[in-house]
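Only one structure is covered here, and it is reproduced in the block below.
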Amino acid sequence: MSDLLEGAVCGVDGCAPAASNYFAPATGARTTLAIEVISDAICPWCWVAKRRLDRAIAAIASDVTASVTWRPFELNPEMPKTGVDRRAYRSAKFGSWQHSQALDAQVAATGRSEGLVFHHDKMQRTPNTIDAHRLILLAGQQGTQDGIVEGLFAAYFNEGRDVGDPAVLADVGASAGLDRARILAMLASDEGQAEVRSELQRAVNLGVSGVPTVLVDGVPLFSGAIRAESMEAELRKAAGHVRG
């Protein structure tokens, strides 16, 4: 596979090579990093990036303690609440079903190198992800975001499930330790809607146009599923622990 999309970042128009980092590291070394990842639950490169970020954080663990908070982004902001047929939507978005399948094959190949299995053939719908982001927000309040984010990626990309469906979201949440009734009650209300919309606007204000985008101290550090070694280097620079 070409390296062109090795560190891809995905936006509303599709995926492209990642932009260069544009973070100004803080002065002086420190032992903690507050990391935020702006992501969408149906961004395939965000799943790859999650694996690589996990490895990067493990690599710096002896020097730096990192916390990770997941923030929302919508790849398809005009998506109907109930989602749409994936084949029809992707064919229109990318010009043909064949081109869509070629893009799927690229990310699947990279995913295999990270131990991820994509089953694009199982994916029937492209969902609206606002409710998935509301679930991630709820998980953040209960300290279980990592499990929820991982569960959403696996449900969509590996199992082909509709992560816009409240029942599927309840399954993902319950598997990660959240109360199913609590999840369904939230999804049946407006809880979390304003907060998610506010965070979506924050991403716009920060100039984020594609995901994954990783922030440190609220400032964008890098975008794209760049290699774990590159992530480690960027995190070390941000913490002031630069290796010669």
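Residue by residue, what Karplus-based ³J(HN,Hα) values in Hz, rounded to whole numbers, does the range 168-173 have, using 6.51, -1.76 and 1.60 with θ = phi - 60° and x for Gly and Pro?
Karplus values, whole Hz, x for Gly and Pro: 5, 4, 5, 4, 4, x.
Choose one of 103, 41, 209: the residue whose Cα lies farthest towards the positive end of the charge dipole of the range 3-239 (beta-carbon charges +1 Lys, Arg; -1 Asp, Glu; about the Cα centre).
Of the options given, the answer is 103.
May I ask for the distance between the Cα centers of the range 27-83 and the range 100-145, given as a whole number of Å?
Measuring centre to centre over Cα atoms gives 13 Å.
Can you give the Rg and Dmax of the chain based on its C-alpha atoms, in angstrom?
Cα only, the chain: 17.4, 53 Å (Rg, Dmax).
In straight Cα distance, which aspartates and glutamates are under 20 Å from residue 93, not counting same-chain residues fewer than 8 positions off?
Output for residue 93: 13, 40, 74, 78, 85, 104, 121, 162.
Convex hull volume of the Cα atoms in the range 30-149, per residue, in Å³?
So the per-residue Cα hull volume is 117 Å³.
Which ³J(HN,Hα) values, rounded to whole Hz and listed in residue order, are derived for the range 197-203 from phi using the Karplus coefficients 6.51, -1.76 and 1.60 in 6.51 cos²θ - 1.76 cosθ + 1.60 with θ = phi - 60°, glycine and proline given as x?
4, 5, 6, 4, 5, 4, 4
Read the figures in this text as sums done on the coordinates, not as results from a lab. Since the structure is predicted, the reported quantities are computational estimates derived from the model, not experimental observations. Neighbour counts run over all protein chains shown; Cβ positions are idealised from the backbone, glycine included.
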